[in-house]
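Structure record follows, encoded as structure tokens.
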Amino acid sequence: MKIIVHKNSNGGVVITTPSDEMTIEQVLSKDCPEGAIIIDSSALPQGDDFNYFDAWVLNNGVVTVDATKKANLIAAQQAQETAKASALAKLTALGLTQDEVKALLGA
């Protein structure tokens, strides 16, 4: 499938998939900024890299994963999991049951 890609103001990637109302070329010329290009969706990052959209960058017409951005995203996810585990351990140490902890977390 053909899609339109371009950079956003943060250096990330914007993907536009046109509807059946206009051709992809019409959408490109009407709704997309200068520098937007048409590519095949199969050219997007695949596998595990597909899950790190916030690390995608567009350079020279190719969408790739910025390794530093991906590492930062992974570190942030790990920090969030560590904080959550720590909080759960503290709540359990206070004698709260699993149901009480879930209620506090809104789960």
> Among (1) modelled with pLDDT of 90 or more; (2) under 17 Å from residue 2 (Cα atoms), which single condition is residue 31 missing?
Replying inline: (1)
>> Can you tell me which of (1) aliphatic (A, V, I, L, M); (2) loosely packed, with under 10 Cβ neighbours inside 10 Å; (3) assigned by TED's automatic domain parsing to the domain that holds residue 6 is the one residue 55 doesn't meet?
In response: (2)
> Among the residues of segment 5-22, which ones are assigned to a strand (DSSP E or B), out of contact with any helix residue (DSSP H, G or I) (no Cβ under 8 Å at 6 or more places or on another chain) and not charged (D, E, K, R)?
Replying inline: 5, 6, 14, 15
>> Looking only at residues that are of a type in the set (Ser, Thr, Tyr) and touching a strand residue (DSSP E or B) at 6+ places or on another chain (Cβ under 6 Å) in segment 11-51, which one is farthest from residue 67 (Cα to Cα)?
In response: 17
>> Can you tell me how many residues within segment 78-107 are closer than 30 Å to residue 49 by Cα, loosely packed, with under 11 Cβ neighbours inside 10 Å and at pLDDT 80 or above?
In response: 8
> Any residue at all in segment 23-36 that is over 30 Å from residue 105 (Cα atoms) and in a strand (DSSP E or B)?
Replying inline: no
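The values are calculated or read from the model by the stated rules, or taken from the named source; none is laboratory data. Predicted model only: the values in this text are computed from it and were never measured. Here Cβ is always computed from backbone atoms with ideal geometry, including for glycine, and neighbour counts include all displayed protein chains.
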